[in-house]
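So the structure is just underneath, and the comments pick up after that.
The values are calculated or read from the model by the stated rules, or taken from the named source; none is laboratory data. These figures come from a predicted structure and were not determined experimentally. Neighbour counts are summed over all protein chains in view; Cβ atoms, including those assigned to glycine, are modelled from backbone coordinates with ideal geometry. These accessible areas exclude ligands, DNA and RNA; they are computed on the full protein's heavy atoms, side chains included. Shrake-Rupley method; radii C 1.70, N 1.55, O 1.52, S 1.80 Å.
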Amino acid sequence: MAFNLKFLAAIAGLSIVAAVSLEEMSLDPCVAIAGKKWVAPREVRACYSSIMVDPALKTNILDVITKTLAFHTSVNYEIRAPEPFTLDVHEDIMADLAKYRTKRYDSDYDLHIELSRALKRFNDAAFVNYLPTPLALLTAPDGTQNVHIAPEAFTVASAEFADEIQFWQDSLPGSLKGQLESLSGARVLSINGREPFDAVNANAAIAGSYQSLGTRQNGFFSSYSLTSIGWTYLLGNFAQQALPLDDSVELTIQRVNQSIAETIVLPYRSRIGAIKAFQDRSTYLANNCVAVSGTNGVDYYGSTDTTSDATERPVATYQQQPNIPASVARKHSLNVVLDASPLTDVVLPPVLVPSLPSAPGSRAAAQFYLLEDGKTGVLALGSFSDADYNTFLNGLLAGLVSLKSQGATQLIVDVVRILRYRTLRQELRTMM
């Protein structure tokens, strides 16, 4: 299949290339997006959809997936998962793969989506679409919870999308034009004319990664992550799509300090990522969609070469862990979540970064803190992976000993990629 993961985590946009004829662009829609950083999602879909299915490649992909999954006992388990996942997981992947062999697809893009969603229905584990309005689930003083545009949305978007933020400013209707910042913190009353949690649950049905419904629901919202390079911001599946699935979203909102509901339509924009340059469909495929060293794996037990860095393997880009040397990864195996997009590098706004000093033993994606009550320790653990396995384990021990020596009698372990249940009062006070 032409859409390898390296490609899908890479591109994101398109407009029209000036020096090319309309006739040429109509025959090859990939020409229109070549060399552009930002484009409309429909232009990306046009390029994707112009790539036809190669029967030999399709057969090879289905063969590889089928033979690989045959080694997994979870294939049978997932057909009828036990409690507490009885209602959430019921996927017969082998039966689906058998159907796909004879099914006709209009494009390679359609085949990619079919395979991606089939595997994600296991619920255990580019072109990128963006909105400037990540969402958060906030708790009001009376204990009720509602969906809001994240109070820090404009701060994040104006920093991460500085070269495109004006497009969204100009897209707002009437008196709201140029007032994108005023949307931050707004309560979301509906998404595309339906209750907000209808959209949350629709996303959970195709998100994959985790069996727990609650965890997949959380992925719709903004959050944070601790990586080896520090704290980063997660936009969530609403504001960041790994594929150009939607062109726009209609939101009915109630802005902070306003009593009336307003309906707006915000366009998604697609941004190109780490992809090799191309001029048209054929150069796109040749430069980004062919097997390379590291694509097809190695004999894990027969190979003695452990010096190459894991980042040389395209799959490493999508593993939700810090870059790990191949020698370490081979010696200390771990299950690692594989996502449709690379680890985020969106900067977490300073106001959300922990202000407490890190305790001794803190290292990379494992940070220790002692809360102001003097008795509660916190371990913020962003990953179980580390480039130095023994130093990582010794750091965990040193951090726990340090917290105990400072008087901590209880410990909160924050696995970091959890939903932020912050209080609405706290959020609005920060904004105003």
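Below are the figures for this structure:
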{"read-out": "Exposure rank, largest accessible area first [168, 231, 38; 1.4 Å]", "value": "231, 38, 168"}
{"read-out": "With 5 Å bins from 0: P(r) over the stretch 66-216, alpha-carbon pairs, percent", "value": "2, 8, 12, 14, 14, 14, 12, 9, 8, 5, 2, 0"}
{"read-out": "Reciprocal mean inverse distance between Cα atoms of the stretch 103-164 - Kirkwood radius, Å", "value": "15.5 Å"}
{"read-out": "Cleavage-rule hits, chymotrypsin sites (Phe, Trp or Tyr not before Pro), the stretch 49-111, DSSP coil, Cβ neighbours within 10 Å at most 11", "value": "71"}
{"read-out": "Kirkwood Rh, Cα atoms: Rg over Rh of the stretch 160-216", "value": "1.11"}
{"read-out": "Residue 169-residue 261 pseudo-label distance in nm [points 7 Å out on the Cα-to-Cβ vector]", "value": "3.0 nm"}
{"read-out": "Accessible-area ranking of 404, 177, 120, largest first, probe 1.4 Å", "value": "404, 177, 120"}
{"read-out": "Flagged links, alpha-carbon separation over 24 Å, of 36/276; 37/276; 276/331; 67/99; 99/120; 67/276", "value": "276/331; 67/276"}
{"read-out": "Alpha-carbon centroid distance for the pair the stretch 79-98 / the stretch 153-186, whole angstrom", "value": "42 Å"}
{"read-out": "Principal axis dimensions, largest first and in whole angstrom, of the stretch 23-73 by Cα", "value": "48, 23, 16"}
{"read-out": "Sequence-distant residues sharing a close amide H with residue 231 (under 5 Å, placed H)", "value": "none"}
{"read-out": "For the stretch 202-291, the fraction of alpha-carbon pairs in successive 10 Å shells from zero, as %", "value": "12, 27, 33, 22, 5, 1"}
{"read-out": "For the stretch 25-123, the fraction of alpha-carbon pairs in successive 5 Å shells from zero, as %", "value": "2, 11, 18, 17, 14, 12, 11, 8, 5, 2, 0"}
{"read-out": "Cα-based radius of gyration of the stretch 130-244 once divided by 2.2 N^0.38 Å, which approximates compact folds", "value": "1.10"}
